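The next block holds one structure in the form of C-alpha cells; read it before the comments.
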Amino acid sequence: MKIAASFLDIKEPKMEELTKLDSLDIDYIHLDVMDGIFVENKTYTYEEFYNITRFTTKSKDVHLMVSDVKKHIDEFSKMRPEFITFHYEAVSEVSSVINYIKELGIGVGMSIKPSTDVSEIAKYLPYLDLILVMSVEPGKGGQTFIEESVKKIEQLYTLRENKNYHYQIEVDGGINNETIKKCNKADICVVGSFITKQDYSEALRKLRD
C-alpha cells in the first residue's frame, strides 16, 4: 500500500520539516487545498503551497476541497502533480471537469464525502484514474475514522475487478496504524496527524508494519 503524507498539521518550520518528511518512506506529498467556502477551513494559496513544497521530490497528490474547481486546477496543474482530485459534490458538470484535467495530462481523481454513495458516481468510474473515499468529513484533520468507509472501499474494489476499471482507490481521514488495517483493499492511504504529531520515521514504521 502507498502512503500519501498530508502536512496540514506539520510543525514549524514547515518547509524544513516537509523536506525531512520527503526524504522518508512515503510515496506522495498530499496537498489539502481548502478555500473556506466548500469547507469551513482555509489553507494556503497556490503560491504558498508552491513555496513550501518546491524542494520536495516525491510525487504530488492534490486534493481540491474548493468551490471554484477550474480556477484551482489551472493553478495547481503548474506543479505537474500525479493526481488532481476534485469533489463530486462541488461541481455540476462532472464529465467536463474530468475531461479538463485529462487534457492537461494529469491523473484525474474524484473524491466523495461520507454521505455520498458509490452508486451516485458509478457512471464516472471508467474515466477516473483515482477515486478518493473520505473517511471523515472533509475540511479538518485529526477526526475519527468513519467505519462505513470500509464498505465503500470494498465496493469500489469489487467494481474495479469485475469491470476491469483502472482507477486507484485512495482513502483519507482518521488513518493510523490500526485503521489502516481495515483499508487493505485501498491502494493509497492519506495519513496526516498520525505522522506529523510524532517521530516521522517511527510513525511510518508502524504504518508499514
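The values are calculated or read from the model by the stated rules, or taken from the named source; none is laboratory data. Note that the structure is a prediction, hence the values are computed from the model and not measured. Reconstructed Cβ throughout: ideal geometry from the backbone, glycine too, with neighbour counts over all protein chains shown.
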Inset, instruction - Kindly indicate which of 179, 116, 158 is out of contact with any strand residue (DSSP E or B) (no Cβ under 8 Å at 6 or more places or on another chain) and closer than 21 Å to residue 62 by Cβ. - result: 116
Legend entry - Enumeration of residues in region 128-138 that are part of a loop (DSSP other than H, G, I, E, B) and either touching a strand residue (DSSP E or B) at 6+ places or on another chain (Cβ under 7 Å) or on the phi > 0 side of the Ramachandran plot (or both): 128, 129, 135, 138
Inset, instruction - Might you let me know whether region 45-68 holds any residue that is among the aromatic types (Phe, Trp, Tyr) and in contact with a Phe, Trp or Tyr (Cβ under 7 Å, 6 or more places away or on another chain)? - result: yes
Inset, instruction - Keeping to region 184-194, report how many residues are without any contact (Cβ under 8 Å) to a residue 60 or more places away in the chain and more than 13 Å from residue 21 (Cβ to Cβ). - result: 1
Legend entry - Candidates 6, 23 - the one that is among the polar types (S, T, N, Q) and closer than 24 Å to residue 133 by Cβ: 6
Legend entry - Qualifying strands (runs of 3 or more DSSP E) (wholly inside region 1-95; at least 3 residues being in contact with a Ser or Thr (Cβ under 6 Å, 6 or more places away or on another chain)): 28-34
Inset, instruction - Scan region 26-52 and report the pairs whose first residue is farther than 22 Å from residue 171 by Cα and whose second residue is in a helix (DSSP H, G or I) and of a type in the set (A, V, I, L, M, F, W, C), with Cβ atoms within less than 6 Å and a gap of 6+ or a chain change. - result: 52/15
Legend entry - Criterion (surrounded by 15 or more Cβ atoms within 10 Å (Cβ to Cβ), in contact (Cβ under 8 Å) with a residue 40 or more places away in the chain and of a type outside the set (D, E, K, R)) met by exactly one of 67, 59, 77, 6: 6
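Restricting attention to region 103-127, which residues are among the polar types (S, T, N, Q) and in a strand (DSSP E or B)?
The one that is among the polar types (S, T, N, Q) and in a strand (DSSP E or B): 111.
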Legend entry - Residue identified as within 15 Å of the chain's Cα centre (by Cα) and under 27 Å from residue 20 (Cα atoms) among 197, 140, 181: 140
Legend entry - Inter-residue pairs, beta-carbon under 7 Å, first touching a residue at least 24 places away in the same chain (Cβ under 8 Å) and in region 150-176, second among the aromatic types (Phe, Trp, Tyr) and part of a strand (DSSP E or B), 6+ apart: none
Legend entry - Residue selected from region 112-138 under the condition surrounded by fewer than 17 Cβ atoms within 10 Å (Cβ to Cβ) and acidic (Asp, Glu), by the criterion nearest to residue 88 (Cα to Cα): 120
Legend entry - Residue ranges of helices (runs of 4 or more DSSP H) in region 139-209 with at least 1 members modelled with pLDDT of 95 or more, out of contact with any Leu (no Cβ under 9 Å at 6 or more places or on another chain) and surrounded by 18 or more Cβ atoms within 10 Å (Cβ to Cβ): 149-163, 200-208
